[in-house]
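Everything on this sheet refers to the single structure shown next.
Rule-based calculations on the coordinates, nothing more; no lab input. Keep in mind that what you see is a predicted model, and the values were worked out from it rather than measured. Here the Cβ is made from the backbone with ideal geometry for all residues, glycine too, and neighbour counts use every protein chain on show.
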Amino acid sequence: MKDARAMAFVNAYGVLACLENVCDLVDEAKAICADLKNPVALGFAVKNGPSFTLSFTKDGCKFIEGVDDCTCKMSFTSPEAFNNLIDNSVPGIPTKNPVQVLTFLLGPFTKLTNIMQKYLQPDAKDMKNADFFEKSTILTMYVIGGAICALGNTDEISKLSASYIVDGEISMGITDKVYITITARNHYLTLTKDKAKKPRAKMEFKTIELANGLFNGTASTMGELCAGNIYMAGMINMIDNINRILDRVAIYLA
Amino acid sequence: MSKYPEYSHVESKKWFDRALAAVPSGVYGHLGPSEGLFLPITKWPLMCDHAKGTYFWDVDGNKYIDYMCAYGPNVLGYCDDDVDAAAIEQLKKGNCTTSVSYKMVECAELLKDTVNCADWAFFMKNGSDATTFSVMCARAHTGKKKIVFFKGYYHGDFQWAQKADYPGILPEEVANNVVIPWFDMEALQRVWDENHGDVAAVIAQPYDHGNFYDNVCATPEQWAAVRKFCDDHGMLLIIDDVRVGFRLDLAGSDHYYGFKADLICFCKALANGYNMSCVCGQEHVKSTASSVVYTGSYWLSAEPFAACIACINKMKKLDTPTMFRQKGTKLLDGLVAAGKEHNIDLKVSGEPALFYFRIANDDDLYLHQEWVAECVSRGIFFASHHNHFINASLSDDDIDYTIDVANDAFSVVAERHPDMGLIK
């Protein structure tokens, strides 16, 4: 049920794109960036797959589409090869500035992805810490937002859901904690990690605990909607279809 | 300040909490807060205590004029004396019996006499049962595979009628569904050509009464073109009249639009809430219908047949389609005029008997959802996303009262949005 190319886009736009938020939210990651001697813009070029750059500076990390401005680059022969980087830490082929690729990959990049993994695949003990719990949930929301867009644009079944989404902004959020915006244009979805300016539809989870429960599958979206713990308004058919893609996200990120 | 105080739902909430503990989602499906879009949930009644005529009362004792009519089945009025009397009389004689009651025959004969395209009737329980049987008949009759749907379709919740992205649905289960825009004859020809003629049927509602968007009525010319295409290509034409059936025309919505379906599916208005559905068809599909293996434990129970007979006879006596058109038009004219008083553009669409409306001042339904919620919390049960239904018990006084409450609810919404140029 999973398509390797769609998975590669989820890994790019959902998982690795979350590094920008890890570097923004987690002190340990901030410190790693602050210690960088020079900026590094690591490009990822995947044949028949995503092409993007993670640009690291002392101020943090930024996800940029394309590899035009990268300072070093890894190339992957297929989406499967790229997915192997995420699943098994198998790197691609350095095709630009290999020394910088290897130095950065084995040093700061690995440290940062380890931190990200700690938050995205948390153990129960860490989650007892309220601050960790909140950051873990927020980062998961960013991953999910990226994955929704990635699947809506590449996964055949999710594309069907996206085909029913009319143009406009969909706001998703956890009340007073974090908001993301998914913008649909001609059934193509893009993520903005910020509050929507003029959303046509809104979905907001009442508490961080509820959001976490929904993300890890211990709470039911339908049940919580019925219990009044999820606020929805506007073009609910947009949210309906986003929720269908969300079901696919669970399969891809399981 | 609002003239009509808002209802409270303390007991509703208590019952709903109990439901949540015992039933997935508390109330699932279209009658529940999720699919029913109770936005926000606090404004809606969650549990009914009793119903009569065009009204129901929730467990807090609040009274509602109901424009959803249980999403269609309430066609004469809740607990209609004549229909209930017929059903109760039949219950005393026998309901679910080994040897089928003669009431089935009477019911089938009445449908043959009433529905224009009906040379026979085949009974089941829900709309999904009826549409599924029709599709099976079409495939068995033609020996072909593909079924053409019109965009925005809803033909029930069985797997074949859902979409590939719905939870629990396999792409293989909907692989033979082809969706085209409404009445797009070039697309229909393309489907035929691309599938080398392996197309069994077109299935469609009488007109586009989808959710969240303005409904679009059909024309006899549009249907004539589809009918001709099906005839020319040996395809069956299935009309899913589950929702609209008997509200536009007692002879079937195909008759209303001037054509004759091969198969037509009825459910909601068939028996005023008693549980039955049926497929009526033309003679040339009858032997195929006999060959399709399809039955259920309660499908030939006698009580709903008795109710159906009483219901159809009463609808004929009252000429309910004419009544619904008049009542629907009166209501909508009043609501639109009330909206104008507040600078609110209430756009109505679809057939007046099954009207759809939305506030068009914004393009995302926020205002509309707010207004509907304010109406509901003052005793006028509308839905914000779905077409509505008129029933025969709705009086002119009910309509006048509805318009007054709706006007009040417009004021509430206008007052809440001083920046939108609305008039309180």
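Which trypsin sites (Lys or Arg not before Pro) does the stretch A:1-44 hold that lie in a coil by DSSP with at most 16 other beta carbons within 10 Å?
Passing sites in the stretch A:1-44 are A:2, A:37.
For a quick protection proxy, order the peptides B:116-127, A:111-122 by their average other-Cβ count within 10 Å, most packed first.
Per-residue Cβ counts within 10 Å, averaged per peptide and sorted highest first, yield B:116-127, A:111-122.
Taking the Cβ of residue B:127 as the center, what net charge do the other residues with Cβ under 12 Å away carry, scoring Lys and Arg +1 and Asp and Glu -1?
Here the charged neighbours net out to -1.
Provide, as a two-decimal number, the C-alpha radius of gyration of the stretch B:81-318 over 2.2 N^0.38 Å, N being how many residues it has.
1.01
Averaged across orientations, what area in nm² does the convex hull of the alpha carbons in the stretch B:301-352 project?
Across all orientations, the stretch B:301-352 yields a mean hull projection of 4.9 nm².
Under 8 Å for C-alpha pairs, at least 6 residues apart: give me the relative contact order for the stretch B:81-318, rounded to a whole percent.
33
What lysines does residue A:37 reach when the alpha-carbon gap must be under 22 Å and sequence neighbours fewer than 8 apart in one chain are set aside?
Partners within reach: A:58, A:62, A:73, A:96, A:111.
Run the numbers on chain B and let me know its relative contact order in percent, using alpha-carbon pairs under 8 Å that are six or more apart.
It comes to 23 percent, rounded to a whole number.
Each residue of the stretch B:43-53 in order: what ³J(HN,Hα) in whole Hz does its phi give by Karplus 6.51 cos²θ - 1.76 cosθ + 1.60, θ = phi - 60°, with x for Gly and Pro?
Going residue by residue, I get 8, 10, x, 10, 9, 8, 9, 7, 8, 7, x Hz, with x marking Gly and Pro.
Of the peptides B:66-73, A:144-151, how do they stack up when ordered by the mean number of other Cβ atoms within 10 Å, highest first? Let's see the in-between values first.
Values: B:66-73: 21.9, A:144-151: 28.0.
Per-residue Cβ counts within 10 Å, averaged per peptide and sorted highest first, yield A:144-151, B:66-73.
Give a residue-ordered list of calculated ³J(HN,Hα) values for the stretch B:174-185 (Karplus: 6.51 cos²θ - 1.76 cosθ + 1.60, θ = phi - 60°; whole Hz; x for Gly, Pro).
10, 5, 9, 8, 10, 10, 10, x, 4, 6, 8, 5
In peptide B:31-38, how many Cβ atoms from other protein chains are near each Cβ within 10 Å, on average?
4
Evaluate the distance, in nm, between pseudo-label points positioned 7 Å from the Cα of residue B:313 and of residue B:14 along their respective Cα→Cβ axes.
About 4.4 nm separates the two model spin labels.
Over the alpha-carbon set of chain B, divide Rg by the Kirkwood Rh and report the Rg/Rh ratio to two decimals. Could the numbers behind the result be given before it?
On the way: Rg = 22.0 Å, Rh = 22.6 Å.
For chain B, the value is 0.98.
Skipping prolines and chain starts, which residues have an amide H placed within reach, meaning under 5 Å, of the one on residue B:361, given they are 5 or more residues away or on another chain?
B:345
Looking only at Cβ-Cβ distances, which cysteines of chain A have no other cysteine closer than 4.7 Å?
A:18, A:33, A:70, A:72, A:149, A:226
If you count the DSSP beta bridges with both ends in the stretch B:81-318, what percent of them are antiparallel, to the nearest 5?
40
Per residue of B:366-379, how many C-beta atoms from partner chains lie within 10 Å of its own C-beta, taken as a mean? Kindly include the intermediate steps, with their values, before the conclusion.
Details: counts 7, 0, 1, 4, 1, 0, 0, 1, 0, 0, 0, 0, 0, 0.
Whole-number average of other-chain Cβ neighbours for B:366-379 is 1.
Could the peptides A:96-104, A:239-247 be put in order, highest first, of the mean number of other beta-carbon atoms found within 10 Å of their residues?
Ranked by mean Cβ neighbours within 10 Å, highest first: A:239-247, A:96-104.
Could you check which residue among A:153, A:88, A:48 shows the biggest mean-square fluctuation in a GNM of chain A with a 10 Å Cα cutoff?
Of the options given, A:88 has the highest mean-square fluctuation.
Can you flag which of B:260/B:286; B:13/B:268; A:118/A:202; B:151/B:260; A:47/A:159; B:103/B:314 are past 26 Å Cα-Cα?
Those over the limit are B:13/B:268; A:118/A:202.
Scan around residue B:49 for amide H atoms under 5 Å from its own, H built in the peptide plane at 1.01 Å from N, and keep only partners 5 or more places away or cross-chain.
The list, which skips near neighbours in sequence, is B:57, B:58, B:59.
What ³J(HN,Hα) values, in whole Hz, does the Karplus curve 6.51 cos²θ - 1.76 cosθ + 1.60 give for the stretch A:79-84 when θ = phi - 60°, with x put for Gly and Pro?
x, 4, 5, 5, 4, 5
Scan around residue B:277 for amide H atoms under 5 Å from its own, H built in the peptide plane at 1.01 Å from N, and keep only partners 5 or more places away or cross-chain.
Amide H neighbours of residue B:277: B:124, B:125, B:126.
Based only on Cα atoms, what Rg/Rh ratio does the protein assembly as shown have, Rh being taken as Kirkwood's radius?
1.03
How shielded is A:218-230 by partner chains, expressed as the average number of their Cβ atoms within 10 Å of its Cβ atoms?
5
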